[in-house]
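Read through the structure below, which is laid out as structure tokens, and then see the notes.
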Amino acid sequence: MSTNFQSSPQANLETLFYQQYESARRDEVVGVLLALFLGGFGAHHFYLRRTGLGILYLLFFWSPLPWVLGFIECFFMPARVREFNAAQAAGIAAALGIPLPQGWGYTIYPTARPTAAPQTAAIATLVACPRCHAANPTGARFCSSCGSAL
């Protein structure tokens, strides 16, 4: 017995979006625990792909400064992880050429800048680079990833 049903290309792209997002997203609890227990080594920065800061923490792990900063940063990690996840979602959606699915709080404009501001201040707008499909803030003139003009 075979089931024959039609699925829209948009649904397939959203499924692909969720698959890629699940592999790229980070967990807030893991970020907090890394900052709390391994913050002096910069593990929380490596976790969020901030390699430069992670290496800087590794260079000074023997001093108390990175350990104190790691403890302080554990309180800011949930917001940083949410920001990282939102940027990953925006980048994936931009690369797929689709708007973010409902409920994300961000609006993606695939190739051009929007002509009107969003109606609510809680919704941030991002512009996808036409060359590399990276997500950029609305007012950006150049892509933060590849440097091409937006």
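The values are calculated or read from the model by the stated rules, or taken from the named source; none is laboratory data. Small disclaimer: the values here were computed from a predicted structure and weren't measured. As a convention, Cβ positions derive from the backbone with ideal geometry for all residues, glycine included, and neighbour counts pool all protein chains shown.
Screening Ala95 against (1) without any contact (Cβ under 8 Å) to a residue 24 or more places away in the chain; (2) over 12 Å from the mean Cα position of the chain (by Cα) leaves a single unmet condition, (1).
Do we have Ser7 as of a type in the set (Ser, Thr, Tyr) and at pLDDT below 90 here? Considered against the rule, which asks whether it is of a type in the set (Ser, Thr, Tyr) and at pLDDT below 90, Ser7 comes out as yes. For region 90-105, the condition of being within 24 Å of Phe142 (Cα to Cα), in a helix (DSSP H, G or I), at pLDDT 85 or above and out of contact with any strand residue (DSSP E or B) (no Cβ under 7 Å at 6 or more places or on another chain) holds for at least one residue. Restricting region 9-68 to residues that are surrounded by fewer than 17 Cβ atoms within 10 Å (Cβ to Cβ) and of a type in the set (S, T, N, Q) leaves a set whose member that is farthest from Gly91 (Cα to Cα) is Ser63.
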